[in-house]
Each structure stands twice: as structure tokens, then as C-alpha cells.
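Trainee: What follows is a structure written as C-alpha cells; I'll ask about it next.
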Amino acid sequence: MTDLYAVIGNPIAQSKSPQIHAAFARELDEDLRYEAILAPRDGFAAAVAAFRAAGGRGLNVTVPFKLEAFALATERTERAEQAGAVNTLKFDGEDALGDNTDGAGLVRDIQDRLGFVLSGKRVLIMGAGGAARGVVLPLLREQPASIAIANRTVEKALALQRLFAPFGAVEGGDYARLSRRQFDLIVNATSASLTGELPPLPPGVFASGSLAYDMVYGDGATRFLIHAREHGAAQLADGWGMLLAQAAESFFLWRGVRPDTRPLIGMLRGR
Ligand code: NDP
């Protein structure tokens, strides 16, 4: 019987996951079906139960259900525990393994696809929401020189510093603290680009050879990437690569084989 997977969220019509996973399945000749489930905002657990009863093997979980998925999991990976959120569920009988593939996806996209080595680099993460939290530990595992986290609401950046300082050199603070400092990798993990805004980033932060990475994806360069190009960043990347790479990590968790994301970026951008 063909194995069944799905993405669950609310809203869900905008999700690219069905076309991404269909492309992965074609690429690797895996026999699976992948659907999109619109769950009522108060009906996540019931929708998951119905999916499992129909033989569903795994779910991608998106807004607003990542915390409920965390609670629903009977077992969680370390990266899901540290992220505090689950974006991938794998079902096996009564067991539900919860994982978070965002951080691993970002790291793979940066190192494997873009060829940017993280070891020894000075990293700046802008933003301290769910996306930022999910990527700190996987970035730290690559032995960067340091990770600075800047956020508009400073307390949230300081909370991430407290959470991750035991694992490596992490500091949190506001944007003003960044003046006269330079970074090799600047990750925009804020949602500012969605509304055409730019976090209050001092202009001199882009070191020579630096990579500017915006987690947001859409048509054309974001305001942050345009700013980064004008202020000396050597390499620019938007969030399409991360989107594909976190999906590939989910696929790997479910199927044990890892898709190559590179051929698919053009397909997604072209739509
Ligand atoms: P959250 O809502 O949890 O956090 C949003 C963050 O953005 C907060 O730190 C917030 O600061 C900051 N922010 C929003 N507007 C501004 C602004 N104008 N100036 C400065 N800071 C701002 O969102 P997530 O962390 O879940 O997601 C962040 C972005 O990452 C989203 O746009 C999402 O699309 C993208 N993303 C992409 C993925 C991919 O695969 N490519 C995966 C996951 C996320 P404050 O705390 O002060 O409000």
C-alpha cells in the first residue's frame, strides 16, 4: 500500500510542501502520497488522530500547530526539545516521534548547497522568535567562533542567550550593541521582510566575504538582501533553500533517503 504523508496547518493553501515532497518522491523513486490538511484551529489533535486512523505515516506541521505537535509527540529528538517546537511527526504504531528540521535544514543549505563553512565564523542572528530558537543549536554544533542574537524585544534575545549559553558562545542583546562589529554570516530570522521592513541593523556589520541569509522567501530579493548587497555582503541567499532543506530532512527521517534539493530551487522560484 502506498505510504501516506501530509502537511497540516491553518491556513494551508499556500504551502509548497505537497509539491516539494512529490518532487522528492519522484527524484528518489519512493512510493508515497503527500496531502495538505486544513485543521480547524481548535482541532489539531482530532485531525491528527483521523490521519493516523487512515494509515498516515508522518506529518509536517506548520503555523499555528508546532507547539501542539510538540505536546502530542510521545518521544522527541534533542533538536526538537531545544527548539521547543515540532515541525515533523513520524508515526509508528502508538508512537509519535517529534522532530524539528528547521535548524538542520538551514545548516545543510548554508554548508552543502552554498559552500559556506561555518566553523570559526562570527554569526549574527536577527530575531528571537520560533525560527531563531530552532536554528541556534544546529548552528552551534558546527563550531562557529560566536553567535550573537539581536532582537527588537531585547528580553527575548536574552532568554535565548540563557537557554543556549551552556552549549557555546552565545550572546543576546539589542541592535545598537552591534555597531562597530562585523559578522561573517548574518541570518535574518525576523519576519520583517514579509512587510518590506528592515530590522535596525547598523550598516557596517557585513564583513568582507560575508553571507547574508534571509529566511523569508518570495518573489525577488527581500529588503534585507538588497540592503546587504549595498553594504558589502559577498553572498546572498533567500529562504527557498532552507525551505527545501528542512523538507529534505523530514523526508530523510521518514524514508531513510536524502533528496538533493539543488535541482528544485529553480522549480519553486519559477512559480
Ligand atoms: P515569530 O513570529 O516567532 O518571530 C518574529 C521575529 O521577527 C521576532 O523576533 C520579532 O521581533 C521580529 N520582527 C518582526 N518584525 C520586525 C521588524 N519590523 N523589525 C525587527 N524585528 C522584527 O516568527 P518565526 O520566528 O516563526 O519566523 C520568522 C520568519 O522566518 C518568518 O517570516 C518565516 O516566514 C521565516 N521562516 C522561514 C523558514 C524557511 O524554511 N525558509 C522556516 C521558518 C521560518 P519581536 O520579538 O521584537 O516582536
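Trainee: Picking from LYS121, LYS156, which residue would you name as being within 20 Å of GLU81 (Cα to Cα) and surrounded by 16 or more Cβ atoms within 10 Å (Cβ to Cβ)?
Mentor: Sole residue among the options that is within 20 Å of GLU81 (Cα to Cα) and surrounded by 16 or more Cβ atoms within 10 Å (Cβ to Cβ): LYS156.
Trainee: Determine which member of the set LEU67, LEU72, LEU114, LEU38 is without any contact (Cβ under 8 Å) to a residue 24 or more places away in the chain and either open to solvent by 20 Å² or more (accessible area, probe 1.4 Å) or farther than 30 Å from ILE265 by Cβ (or both).
Mentor: Checking each option against the conditions leaves just LEU67.
Trainee: Please go through the stretch 153-197 and pick out each residue that is out of contact with any strand residue (DSSP E or B) (no Cβ under 9 Å at 6 or more places or on another chain) and assigned to a loop (DSSP other than H, G, I, E, B).
Mentor: The answer is THR153, SER179, ARG180, SER191, GLY196, GLU197.
Trainee: Let me ask something else. Taking the stretch 36-63 only, how many residues are away from the ligand (no atom under 16 Å from the Cβ) and farther than 15 Å from TRP254 by Cα?
Mentor: 18
Trainee: Go through VAL170, VAL205, VAL136 for me and flag whichever is open to solvent by less than 50 Å² (accessible area, probe 1.4 Å), more than 9 Å from the ligand (Cβ to nearest atom) and in contact with a Ser or Thr (Cβ under 8 Å, 6 or more places away or on another chain).
Mentor: VAL170
Trainee: State the number of residues belonging to the stretch 223-256 that are in contact with an Asp or Glu (Cβ under 7 Å, 6 or more places away or on another chain) and either under 17 Å from LEU59 (Cα atoms) or open to solvent by 30 Å² or more (accessible area, probe 1.4 Å) (or both).
Mentor: Looking only at that region, the number is 5.
Trainee: When you check GLY127 against the structure, is it in contact (Cβ under 8 Å) with a residue 60 or more places away in the chain, on the phi > 0 side of the Ramachandran plot and out of contact with any Leu (no Cβ under 8 Å at 6 or more places or on another chain), yes or no?
Mentor: yes
Trainee: Exactly one of (1) under 23 Å from TRP240 (Cα atoms); (2) touching a residue at least 40 places away in the same chain (Cβ under 8 Å); (3) open to solvent by 60 Å² or more (accessible area, probe 1.4 Å) is unmet by PRO200. Its number?
Mentor: (1)
The values are calculated or read from the model by the stated rules, or taken from the named source; none is laboratory data. Note that the structure is predicted; figures quoted are calculated from it, not measured. Positions of Cβ are backbone-derived with ideal geometry, glycine not excepted, and every protein chain shown enters the neighbour counts. Calculation scope for accessible area: heavy atoms of the full protein, side chains included, ligands and nucleic acids excluded. Shrake-Rupley method; radii C 1.70, N 1.55, O 1.52, S 1.80 Å.
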